[in-house]
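Enquirer: Dumping the structure here so I can ask a few things about it.
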Amino acid sequence: MGLHQRTETSGLVSFIICAIAGASIMELCVSLLPAAWMISRRQFVIASIIIAACGTISFIFGYARRSSSLNTHNRWIEILRRLVEILALAMVYASTLFLTSFALLSVASNLMGTMFLEYIVAVCAGFAGVAGYITFVQAELMDAKTLAGLLPLFVVAGVSVAGLTTDDPNWYTNNFSQLGDRTTFAAHMFNSTLVLAGVCIIIVSYFAISELVTSYRQRREWHQEQGPLRSSHIKHYKARLICLSTMLAFSGIAFIGIGTFRYTPHPILHNVFARGIVVVMGLLLLALPWLAPQLSLAIYGAGYLAIAVCGVVLVQWLMGTNTMTNVEALAGLVFLGWFIMFSRQIAAIEADRIAEQVMHIDQEEASADVATANVADTIPSSVDKNHRMHSRIAATQ
């Protein structure tokens, strides 16, 4: 079986194991926990934790299995770096699964009423199985595009849960900071969502910068083999990458700061991070053609369009014809949309690099076959065929 078929098969196995585990653990919780935990929201919290745990464990197994940095032949620094990656990604997946599961369970409960609690064990089993399947498959085929696709789902789920559970029905008349400016469950959910979204942005940025460096080095090496080509060299490339990575990292840190420092006890710090992210993202979108010249013109144009749209809405708010909540919501959605496009561009660069590697290997094999045929004309055809076959196998390994 090929890679994708093996991945799908392993995902199905993970689905079955996680579904059985989810049903068993949820049944034990329903049977053994005291009556105080039979309230619908607390049962949803328990079910969401079980679903998140099943999906996260499945992801860790899948990502660790595909990683070649965890073997004993690599240096300890490489093993430590990979373990940190697994831990960070697992945290993102766990929080995303928890928030998404809780939001879906809450919506389903509002539709069905108290009768929904009778199916909580079966629903938990189904959600746990789906979570195990999706996370295992994504772990096997992980890239920046896959991880960035989780970001809007994660943020929307977290904000939705906070909005559904808040005790302040008029929070939207002010701004989003008011939703997290309390000590209630909804406020903690909102602030935790921002913190973990910032962590996710930093992780995706790490994958993106690593891929840009790898692709650039590969093209430089191949161009040097074929002769000096000016088109393969980008001036001040290291400085550009440092600026790009710094801006992306600060945008993630700003999300973390907004969620960590609530407005009421820390108004100055909260505003520094909230307004700082606007400045950083504006500069990033304006300077992106210089910071990352490998990207397409379309993403540069999309960034300029995003700045223009946000500028128009901001002017409307200053004139009193729009609310701050709408401005923040639009800016957040625009940023998430741009970040997804940016990550998909990085994933496309990675796919092109892999295709170029395959083509480069094929060209080397063809050259080696021609050289072998010219040198060893007297070798019998069957022996020569075996020799070339083993050479191809060795090259692919």
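Enquirer: Are any of the residues in the range 291-312 more than 26 Å from GLY158 (Cα to Cα), β-branched (Val, Ile, Thr) and touching a residue at least 12 places away in the same chain (Cβ under 8 Å)?
Expert: Among the residues of the range 291-312, at least one is more than 26 Å from GLY158 (Cα to Cα), β-branched (Val, Ile, Thr) and touching a residue at least 12 places away in the same chain (Cβ under 8 Å), which makes the answer yes.
Enquirer: Next question. Any chance the range 111-125 includes a residue that's modelled with pLDDT of 70 or more, in contact with a Lys or Arg (Cβ under 9 Å, 6 or more places away or on another chain), among the polar types (S, T, N, Q) and farther than 17 Å from CYS18 by Cα?
Expert: No, the range 111-125 has no match at all.
Enquirer: Restricting to the range 155-197, give me the number of residues that are under 24 Å from SER48 (Cα atoms), more than 24 Å from the chain's Cα centre (by Cα) and β-branched (Val, Ile, Thr).
Expert: Going through the range 155-197 one residue at a time, the tally reaches 4.
Enquirer: Looking for something modelled with pLDDT under 80, of a type in the set (Lys, Arg) and surrounded by fewer than 14 Cβ atoms within 10 Å (Cβ to Cβ) - is there at least one such residue anywhere in the range 42-59?
Expert: no
Enquirer: A further question on this structure: Which numbered condition in (1) modelled with pLDDT under 80; (2) over 25 Å from MET341 (Cα atoms) is the only one that HIS188 fails?
Expert: (1)
Enquirer: Then there is this: May I ask you to list the residues in the range 87-116 that are closer than 17 Å to TYR63 by Cα and surrounded by fewer than 18 Cβ atoms within 10 Å (Cβ to Cβ)?
Expert: Answer for the range 87-116, where residues must be closer than 17 Å to TYR63 by Cα and surrounded by fewer than 18 Cβ atoms within 10 Å (Cβ to Cβ): LEU87, ALA88, MET91.
Enquirer: Can you find a residue that is in contact with an Asp or Glu (Cβ under 6 Å, 6 or more places away or on another chain), in a helix (DSSP H, G or I) and in contact (Cβ under 8 Å) with a residue 12 or more places away in the chain anywhere in the range 114-125?
Expert: For the range 114-125, residues in contact with an Asp or Glu (Cβ under 6 Å, 6 or more places away or on another chain), in a helix (DSSP H, G or I) and in contact (Cβ under 8 Å) with a residue 12 or more places away in the chain: present.
Enquirer: Among the residues of the range 117-142 satisfying the criterion of being in contact with a Gly (Cβ under 9 Å, 6 or more places away or on another chain) and among the small types (Gly, Ala, Ser), which is surrounded by the fewest Cβ atoms within 10 Å (Cβ to Cβ)?
Expert: So the residue we want is GLY126.
Enquirer: Looking at the range 257-289, which of its residues are loosely packed, with under 15 Cβ neighbours inside 10 Å and touching a residue at least 40 places away in the same chain (Cβ under 8 Å)?
Expert: If the condition is that a residue be loosely packed, with under 15 Cβ neighbours inside 10 Å and touching a residue at least 40 places away in the same chain (Cβ under 8 Å), then THR264 is the only one that fits.
Enquirer: Does LEU284 count as part of a loop (DSSP other than H, G, I, E, B) and farther than 30 Å from ARG182 by Cβ?
Expert: no
Enquirer: Out of the range 313-351, which residues are more than 24 Å from the chain's Cα centre (by Cα), more than 21 Å from SER251 (Cα to Cα) and in contact (Cβ under 8 Å) with a residue 24 or more places away in the chain?
Expert: Matches in the range 313-351: THR323 only.
Enquirer: Next up: Going through the range 244-256 one residue at a time, which ones are touching a residue at least 24 places away in the same chain (Cβ under 8 Å) and under 26 Å from HIS270 (Cβ atoms)?
Expert: Residues satisfying the conditions are SER245, MET247, LEU248, ALA249, PHE250, SER251, GLY252, ILE253, ALA254, PHE255, ILE256.
Enquirer: While we're on this one: Just to be sure I understand, how many residues within the range 297-333 are at pLDDT below 85 and either closer than 27 Å to ALA239 by Cβ or among the charged types (D, E, K, R) (or both)?
Expert: Matching residues across the range 297-333 total 1.
The values are calculated or read from the model by the stated rules, or taken from the named source; none is laboratory data. Because the structure is a prediction, the values reported are computed rather than measured. As a convention, Cβ positions derive from the backbone with ideal geometry for all residues, glycine included, and neighbour counts pool all protein chains shown.
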